[in-house]
Amino acid sequence: MALCVSKYGNYHHSHRTPVTQPTTRKSAMTVRMSGGGRLASYEEGKLERPNWTGQTPLSRLVGALISFKPLYSVLKLGARQVLISTAEKTNVPWREMTKEILESDVYKELESIQNTSLIYPDYYLNPFHAYDEGNLSWLAAAEAEAATMSMVRRAIPDASSLEEANEIVRGNWLNAIEQHHQQYSGNLKIRDILDIGCSVGVSTRFLADKFPSAKLTGLDLSPYFLAVAKYKEKGSPYRSNSFQWIHANGECTGLDSQSFDIVSISYVLHECPARATVNLAKESFRLLRPGGTLVITDNSELSPVLFTLMKSTEPFLDEYYLLDLEKTVKDAGFVNVHTILTDPRHRTLTATVPY
Ligand SMILES: C[S@@+](CC[C@H](N)C(=O)[O-])C[C@H]1O[C@@H](n2cnc3c(N)ncnc32)[C@H](O)[C@@H]1O
């Protein structure tokens, strides 16, 4: 059992959760791409976990290779090189963006954001994403936005620009939230949105643009990421939304119960052990008002090559693919739980707090 403590003084215990097999569906669906009005068909049947995760020979081989330190270092370096070169090949100026942040005044934001009494969950303190300090470093924070752009470009390789890829990846995710909320919230207005695992604020800013009258709260475990988020938001064009950035654990935020209309968790869960995902679902349920919408978006499947490369820098990929996310969310109390593929590489789950 892990003790979870936040700045706001609440405590709860997290339990190790048995990992169950995911449900699979076979129906086909059509996703409208925002903006250009193009249509793309994605099959919901692809929500099945990749068959090289879990206790398969390939997965065990990958695990054994990674536990051999010299090879791990090579794989880690390889994963990093692939990320940077893929980004730069698709015109994401990775090194320039990183330099700009590292040479800016971003450091001044840290003191006002950092909660020095926060106790990090154990999983967060491991080397991660090829950074020895995981997400707890300026380099990771400076590279995070370029990494996000690159992920979007990889998801839609045929897109002619980052904007076009974002229209699909982020646009379909935002439309899924809007449609689910309209259908199931009982007319609950969208006034307060919480972005758990907001990183450097990219998802928070997309949510703000989609819902211009909402107040945005970005919450993350990395004070370095939050410092970049705040710095970037200050330098962004005017938005009508207000923003606050909170350094806390999404598993036990200490924020008031029923204080949000939407809780979003995007691209966070593949970085978390199953026990954290269970806690994040329970905490989201507590934080949402009746009729409120939870939205989770993350990887649907990966090629074996990408899986092997990613597993060397993402220690919880197996747990992510083996957990039945819909069941986890239903067990937390949510209803109207639906999952769709919002682009070829990502699934989006939406769910409602009953009223
Ligand atoms: C890939 S980033 C998220 C990207 C961002 N939401 C987006 O859509 O661009 C994952 C983030 O989850 C954060 N994170 C992981 N576990 C967390 C937890 N228990 N509570 C809050 N944040 C967490 C990490 O610090 C990291 O910033």
Q. Once the piece of chain linking LYS108 and SER257 is laid out straight, how much longer is it, given 0.36 nm per residue of separation minus the C-alpha distance between them?
A. 50.5 nm
**Q.** Contour excess over end-to-end distance, with Cα ends at LYS89 and GLN244 and 0.36 nm allotted per residue
**A.** 52.3 nm
Q. Taking a 1.4 Å probe, which of SER242, SER222, SER259 shows the most accessible area, and what order do the others take after it?
A. SER242, SER259, SER222
Q) How would LYS327, LYS89 line up by accessible area, probe 1.4 Å, largest first? A) LYS89, LYS327
Q. When the Karplus curve 6.51 cos²θ - 1.76 cosθ + 1.60 is applied with θ = phi - 60°, which whole-Hz ³J(HN,Hα) does each residue of region 143-159 get, with x for Gly and Pro?
A. 8, 5, 5, 5, 5, 5, 4, 5, 4, 5, 5, 5, 5, 10, x, 7, 5
Q: For a quick protection proxy, order the peptides 210-217, 269-276, 97-104 by their average other-Cβ count within 10 Å, most packed first.
A: 269-276, 210-217, 97-104
**Q.** Relative packing of 82-88, 145-151, which averages over residues the other C-beta atoms within 10 Å, highest first
**A.** 145-151, 82-88
Q | Ordering of 119-125, 174-180, 349-355, 290-296 by burial proxy (mean other Cβ atoms within 10 Å per residue, highest first) | A | 290-296, 349-355, 174-180, 119-125
Q. Going through region 205-254, which chymotrypsin sites (Phe, Trp or Tyr not before Pro) have at most 16 other Cβ atoms within 10 Å and a DSSP loop state?
A. TYR238
Q) Roughly speaking, what is the stretch gain from GLU178 to GLU133, that is 0.36 nm per residue apart minus the C-alpha to C-alpha distance, in nm to one decimal? A) 12.5 nm
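Report, in listed order, any pair from LYS189/LYS234; LYS189/LYS210; LYS215/LYS330; LYS89/LYS230; LYS108/LYS232; LYS210/LYS232 with a Cα-Cα distance greater than 24 Å.
LYS189/LYS234; LYS215/LYS330; LYS89/LYS230
The values are calculated or read from the model by the stated rules, or taken from the named source; none is laboratory data. Keep in mind that this is a model prediction, so the values were computed, not measured. Positions of Cβ are generated from backbone atoms using ideal geometry, with glycine treated the same way; all protein chains shown enter the neighbour counts. Calculation scope for accessible area: heavy atoms of the full protein, side chains included, ligands and nucleic acids excluded. Shrake-Rupley method; radii C 1.70, N 1.55, O 1.52, S 1.80 Å.
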